[in-house]
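Nothing in this text is a laboratory measurement; each read-out follows from the coordinates by a stated rule. None of these values were measured; they are calculated from a predicted model. All Cβ positions, glycine included, derive from the backbone under ideal geometry; neighbour counts span all protein chains shown.
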Amino acid sequence: MPGGRRPGATASETTWGPRAYTQKHPRSRELPETASMPTASTSSSLARRLMPLALAALAVLSACTEARGAAPAAPGPTIQDTRRYEKPSDADLRRTLSPLAYEVTQKGATEPAFRNPLWNHHEEGLYVDVVSGEPLFSSRDKFDSGTGWPSFTRPVDSARIVEKRDSTQGMERVEVRSKAAGSHLGHLFGDGPAPAKTRYCINSAALRFVAVNDLAKEGYGAWLPLFGRPAPAAATKRQDTSPFTETALLAGGCFWGMEDLLRKIPGVVQTEVGYTGGSSAFRNPTYHDVSSDKTGHAEAVRVVFDPTRLTYETLLEQWFFRMHDPTTLNRQGNDVGTQYRSAIFYLSDAQKRVAEEVKARVDASRKWPRPVVTQIVSAGAFTPAEDYHQDYLVKNPGGYTCHYMRD
């Protein structure tokens, strides 16, 4: 764990922290295992030998208190963040997290000191839970502790951090976890900068950094006042009943990749991922419910578009039928189950007619080696998915997707 005994250290070695470096620390000089009491004849020689060590120790302590851009102890601005942060399923975590991030957040592993991307990172922005996206730490509270792990004087909101007693590794420590997802983050120590003297020693692999200029774009605009910038005004959403918009409900596999392509189409006003087409016995299905394959719901994207710029026919023929494989029954890529089926949920008789005509043309084009199996069914209730699913690939660039545009 960060701040604990260095991986590979023996039980006799001291804890790995800014005030307790062992003889194997790469930045310290070697200390003798034993030493006799100095005599008058050796005191001068001993002093000369110890002087470099004393200076090195002073430098280490100075590093610990050198808070690069650290925020003052006074409370920061009140943040109104109403987003929901939830933990994805284990299957999704294994699919989307790096092996190290999974081991750290889910198994309590520790990444190597000094060999991680954020220990010496000083860009202004927010550090969020790599699992749920929950905001955890600010660059303004980050400081150079000299330990080789990211260190912070405090979280952005103490309610978002859970502290637990940790008696592993032969020592007593305070483990730090995220509130929403329960992700293992690191440990809390009492040797940080004054006045609080707290040091949150955190694994880089447990964090994702969002630069201050990207906060609004990635849905963290409410946190801009933390960096002396005004929060963006609430966006005015165009109503579905407006004569200038139309809505489509489309399913074609994992909604992360579908939404990422659909939201970029010229004429699309808004996208939202969710669940539809299932049993009415599940009025407000969750991701866990739908993943059980027992509710009958499909992962779908609700697309609001401007029909004066993008017609329903073009949306289907030039985009929907090209961004997924409509010939695989209940499957897209590695995702298997009825929730990943290809389906068009029409909201009017006109949409039904257009969908049937477009499907027939696509099937007759022979661009696919197998028959098109896309369902065309009347739309039922649509339940928005959990917040961490919305704009997932915007929040997690390089995340999992099996969708791309075919020629």
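Tabulated results
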quantity: Scaled radius of gyration (Cα, divided by 2.2 N^0.38 Å) that the stretch 246-395 gives; calculated: 0.97
quantity: Distribution of pairwise C-alpha distances over the stretch 296-347, 5 Å bins, in %; calculated: 4, 17, 27, 24, 15, 9, 4, 0
quantity: Calculated over the stretch 162-238: convex hull of Cα atoms, volume per residue (Å³); calculated: 139 Å³
quantity: Spacing of the two label points (7 Å from each Cα toward its C-beta) at Arg309 and Ser167, in nm; calculated: 6.2 nm
quantity: Relative counts (whole %) of C-alpha pair distances in the stretch 362-407, using bins that are 5 Å wide; calculated: 4, 13, 13, 16, 16, 18, 17, 3
quantity: Using alpha carbons only: equivalent-ellipsoid semi-axes of the stretch 74-117, gyration tensor based, whole Å; calculated: 27, 20, 8
quantity: Percent RCO, i.e. relative contact order, over the stretch 246-395, from Cα pairs under 8 Å lying at least 6 residues apart; calculated: 34 percent
quantity: Pair His288, Arg406: separation of 7 Å Cα→Cβ label points (nm); calculated: 3.7 nm
quantity: Neighbour-count order for Ser280, Ser132, Ser291, fewest beta carbons within 10 angstrom listed first; calculated: Ser280, Ser291, Ser132
quantity: Nitroxide proxy distance, nm - points 7 Å out along Cα→Cβ at Lys107 and Thr82; calculated: 4.1 nm
quantity: Sequence ranges 177-189, 198-210, ranked by mean other-Cβ count within 10 angstrom, highest first; calculated: 198-210, 177-189
quantity: Cβ crowding within 10 Å averaged over residues, with 96-103, 257-264, 384-391 ranked highest first; calculated: 257-264, 384-391, 96-103
quantity: Cleavage-rule hits, GluC sites (Glu not before Pro), the stretch 141-201, DSSP coil, Cβ neighbours within 10 Å at most 11; calculated: Glu172
